Amino acid sequence: MPGTYDAIIIGGGHNGLVTACYLAKAKWKVLVLERRYLVGGACVTEETFPGFKVSTAAYVNSLFRPEIIRDLRLADYGFAVLERNPSSFSPFLDGRHLFLGADQAMNVREISKFSAKDAEAYPKYETMLERIAAVMEPTITQVPANVLRPGLRGLWKIFKLARSMQKLGPGMGEAIEVLTGAARPLLDRWFESEELKATLATDAIIGAFAAPSMPGTAYVLFHHVMGETNGKRGVWSYVKGGMGGLSQALAGAAKDLGVEIRCNAEVAKIIVKDGAAAGVVLATGEEFLAPKVASNVDARLTFTQFMDPRILPPDFAEAIGRISYDSASLKINVALSELPSFSALPGSQPGPQHHGTVHLCPDQDYIERGFDDAKYGMPSREPILECTLPSAVDPSVAPPGKHLMSMFIQYAPYKLKEGNWDDIKDKFADTCFDILNRYAPNFKQSVIARQIVTPLDLERVFNLTGGNIFQGAMTLNQLFMFRPVPGFADYRTPIKGLFLCGSAAHPGGGVMGAAGWNAAREMMRRW
Ligand SMILES: Cc1cc2nc3c(=O)[nH]c(=O)nc-3n(C[C@H](O)[C@H](O)[C@H](O)COP(=O)(O)OP(=O)(O)OC[C@H]3O[C@@H](n4cnc5c(N)ncnc54)[C@H](O)[C@@H]3O)c2cc1C
């Protein structure tokens, strides 16, 4: 007899685990089925190199909802964050450097090294983003209105959002630009120093297949200031022991709440009977039954691989087919014998230059040129590097005296005009290493081992369509009421009892837990 549950969650990503916990808290009998050998999806720690705790994919936290940390008592399950202060370090080849962080006086001091005018503007720019965040942040944990059939509830939600936008007064125009426009004109208007603008612009392209001059990138920039660490807005942290510390804490809470978690359990099919979900079938043929199924997997796979799309309403199936999974992100995890000593601020003992994200990007034109290559299907000849050294803040992730580096790199287009990522990945990684060595000449000699995670690996290992790190591009036509597709942003699908509970749904990518939490509430709501 197949096992029978109240709900089955396909995928044990952090969002799937959050959904499972909230359902189990309401006394539902829940089963989580995870394809890999461990839960966490893109939020995992793995011992890729002996003795090193590598955050294989996601590497910094700020977006994860504090309400969930409290509700599920995640600290009791080992979840802890370590603040990064300063939060960023940008070395330049002329020997100068720029620190940014939560300390506004330091920011002003640092920026004034490049431009007195920008130093004065920066706190005002942050206030502008914070005012927009104050309006937008509550929407993260709200279920967006159904734009196709809003009904009274949907109209009320749209009205409430419009009312809160009104609070921005004359700032509304700029808010709309932040939500829909390009990062570059915004940054060019606010600031004159290319060093500052390049540092900020790198946040506008994370996970995006776009240059900062392209519409939609200002939102990516903004998305990255919506989180907090210990109540401090916009501050990013390391999860103690690597990002998997969060997923393992969620799994611990889930087990204590009675959730059954099975790893190495790849779902092949969702059982649909009379238009309603009835359970799932594993690749091994094993069946599990439940009247409610939530998919933590992206929408394309959920609706084309787990079922015959011909059973779906044609308009919905077409909309799923239109979702963009364009991507150009690649990650290299590196085990080091010592920390990089930057010419702009030498020292291989842990110092402030190693605490935050190290931005290697001289100016915005550099990013534009990098994207020019990518749009023609080539990896950037001069890629943009964002490096983090978690062991400088959390020594537990590396053996004594050793260090760990994560390099998040753009642009590495999934769709190559020529060749295959398996063949070119080492050459591309060498280019990235050469670039870092220009800034920190001891870097290459300190490399013990490296793991290159190409867009193709992101697809193969994490089942992320097109290697898109957010389970679908974060462009306005795929956000809020339009995520995953218009008319289905309320976590429901045309299949009764089938829900989406991962970053394919609102509010999208990032280690937030919000999609999983919102989906659980909708699953428990009576029709
Ligand atoms: C390289 C990289 C770097 C990133 N950096 C950051 C960062 O620093 N900070 C941040 O906030 N966000 C970051 N992100 C984004 C963030 O990690 C993701 O948006 C988030 O982890 C998604 O969580 P999820 O639970 O929605 O989905 P996922 O993590 O994608 O989880 C889906 C789960 O479903 C499982 N699955 C897939 N198919 C099946 C199947 N057939 N049967 C059973 N299980 C299946 C997968 O194995 C996976 O465990 C990064 C992402 C990547 C890839």
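The values are calculated or read from the model by the stated rules, or taken from the named source; none is laboratory data. Since we're looking at a predicted model, the values are computed, not measured. All Cβ positions, glycine included, derive from the backbone under ideal geometry; neighbour counts span all protein chains shown. Side chains are part of the model used for accessible areas, which takes the heavy atoms of the whole protein and leaves out ligands, DNA and RNA. Shrake-Rupley method; radii C 1.70, N 1.55, O 1.52, S 1.80 Å.
Quick notes on this structure:
- Extent along the principal axes, Cα only, for the stretch 24-73: 40, 26, 16 Å, with the longest axis given first.
- Radius of gyration (Cα atoms) of the stretch 244-293, expressed as a multiple of 2.2 N^0.38 Å: 1.38.
- When the solvent-accessible area of the stretch 362-470 is split by element, carbon and sulfur atoms take up 51 percent of it, the probe being 1.4 Å.
- DSSP bridge pairs, the chain: antiparallel proportion in percent, nearest 5: 70 percent
- Degrees separating the helix 151-166 axis from the principal Cα axis of the chain, which is the longest one: 20 degrees
- Using a probe of 1.4 Å, the accessible surface attributed to ARG149 totals some 140 Å² when neighbouring protein chains are kept in position.
- In summary, the stretch 272-345 shows an alpha-carbon radius of gyration equal to 1.87 times the 2.2 N^0.38 Å reference for compact globular proteins.
- Cβ-derived FRET efficiency at R0 30 Å, SER324 paired with ALA162, nearest 0.05: 0.65
- Solvent exposure of the stretch 453-524 as accessible area per residue, Å², 1.4 Å probe: 22 Å²
- If the chain linking GLU120 and ALA276 were pulled fully straight, counting 0.36 nm for each residue of separation and taking away their Cα-Cα distance, it would gain 50.3 nm.
- Modelled spin labels at GLU130 and ASP426, positioned 7 Å past Cα toward Cβ, are 5.0 nm from each other.
- Cα gyration tensor, the stretch 260-406 - rounded (a/c under 1.5), prolate or oblate: oblate
- For the chain, the longest principal axis of the Cα atoms and the long axis of helix 364-375 meet at an angle of about 50 degrees.
- Counting every pair of alpha carbons in the chain, the share spaced more than 46 Å apart comes to 9 percent.
- Rolling a 1.4 Å probe over the protein heavy atoms gives the stretch 350-407 an accessible area of 32 Å² per residue.
- Solvent-accessible heavy-atom area per residue, rounded to whole Å², over the stretch 1-66 at 1.4 Å: 32 Å²
- Acute angle (nearest 10 degrees) that the helix 14-25 long axis makes with the longest principal axis of the chain, alpha-carbon atoms: 40 degrees
- Remark on ALA268: its backbone amide H falls under 5 Å from those of VAL281, LEU282, ALA283, a criterion applied only to residues 5 or more positions apart or on other chains, H modelled at 1.01 Å from N.
- The stretch 154-267, accessible surface, carbon-and-sulfur percent (1.4 angstrom probe): 57 percent
- Here the spin labels are modelled as points 7 Å beyond Cα on the Cα-Cβ line, and at ALA449 and THR304 they lie 3.6 nm apart.
- Here the stretch 162-265 is treated as an ellipsoid with the same Cα gyration tensor; its semi-axes, largest first and in whole Å, are 36, 18, 14.
- Cα-projected label distance for THR284 with ASP372, points at 7 Å along beta-carbon direction, nm: 5.4 nm
- A dipole drawn for the stretch 175-260 from +1 and -1 charges on Cβ atoms has a positive end, and of MET243, TYR219, GLY181 the residue lying farthest that way is MET243.
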